[in-house]
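Heads up, the thing below is written out as structure tokens.
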Amino acid sequence: MAGQSPHPSSHPFVSPQRLRLAEAVRHLVDATLTIEDATEEQLGSAADMTEAVARHLGREPHDDDRGVRGRSEIGHDDYLPRSPLVGTVSPLAPPMVWTADDDGLHMEGTFHAAYEGPPGYVHGGWIALTFDELLGMTNIASGHPGMTGRLTVRYLRPTPVHRPVELHGRTERVDGRRIVCRGELRVDGVVTAEAEGLFVTIDPRLAAEYFGREAPDAGDGRPE
């Protein structure tokens, strides 16, 4: 995983047209939240077209029986394309672009209207999710994957939307099954939030119980 970006992927789910669809849906969400001068006729037509797209893909828009995806992941690189933060085929994701090196894991991207909480600023819950994903990926890249045991976020100042952000995560200490890591979020070189995470390596048998027979690596099952 180290040194890779989520964009190249050999997983068959990540096709050029699915990438295109995900980006189109991101723009649709952004338009829904930001276009203030649209008429009711325009909004109604857009709703009709969007419902038609859902039907075209086999989903009835007003049906509570939502789709359930199959499970074919073997390793981390197989499910990262669906990540709510870096997932290139997830319309929920900004998505962030990431690289990993000896200094840790680095991310860059922009939070737009879908992630807004206070007017003009990123919702604190999205910042917490961002750190959870950043630090989890950091540990995988350093060779110490685990599950989140505790995540502490310090919000130093509001993080603006529509502005490029930079994130850095590093694994600081490994003590048996416990992995301690830290992360920072910066805008124009200024730290707006920081986090410390405690992650825990879980036994492969427990990972199989949680995630299924072909569970991605959750750790090596070393004793506490």
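Among the residues of region 190-205, those that are touching a strand residue (DSSP E or B) at 6+ places or on another chain (Cβ under 8 Å) and either surrounded by fewer than 16 Cβ atoms within 10 Å (Cβ to Cβ) or farther than 21 Å from P118 by Cα (or both) comprise V191, E196, G197, L198, F199, V200, T201, I202. Output yes when any residue across region 153-164 is of a type in the set (K, R) and surrounded by 17 or more Cβ atoms within 10 Å (Cβ to Cβ), and no when none is. Scanning region 153-164, I find no residue that is of a type in the set (K, R) and surrounded by 17 or more Cβ atoms within 10 Å (Cβ to Cβ), so the answer is no. For region 168-182, enumerate the residues that are touching a Ser or Thr at 6+ places or on another chain (Cβ under 7 Å) and within 20 Å of V122 (Cα to Cα). G169 - this is the single residue of region 168-182 that is touching a Ser or Thr at 6+ places or on another chain (Cβ under 7 Å) and within 20 Å of V122 (Cα to Cα). State whether the residues of region 100-107 include one that is at pLDDT 95 or above, within 12 Å of the chain's Cα centre (by Cα) and either open to solvent by 10 Å² or more (accessible area, probe 1.4 Å) or of a type outside the set (D, E) (or both). Yes; the residues of region 100-107 include at least one that is at pLDDT 95 or above, within 12 Å of the chain's Cα centre (by Cα) and either open to solvent by 10 Å² or more (accessible area, probe 1.4 Å) or of a type outside the set (D, E) (or both).
Checked against the criteria, D64 does not count as open to solvent by less than 50 Å² (accessible area, probe 1.4 Å) and at pLDDT below 95. When L135 is tested against (1) among the aliphatic types (A, V, I, L, M); (2) more than 14 Å from the chain's Cα centre (by Cα); (3) over 23 Å from R26 (Cα atoms), exactly one condition is not met: (2). Each residue in region 138-150 was checked for being over 16 Å from the mean Cα position of the chain (by Cα), surrounded by fewer than 18 Cβ atoms within 10 Å (Cβ to Cβ) and touching a residue at least 40 places away in the same chain (Cβ under 8 Å), and 2 of them qualify.
The values are calculated or read from the model by the stated rules, or taken from the named source; none is laboratory data. Bear in mind that the values here come from a model prediction, so they are computed numbers and not experimental data. Virtual Cβ from ideal backbone geometry, glycine too; neighbours counted across all protein chains shown. All accessible areas refer to the heavy atoms of the entire protein, side chains included, with ligands and DNA or RNA removed. Shrake-Rupley method; radii C 1.70, N 1.55, O 1.52, S 1.80 Å.
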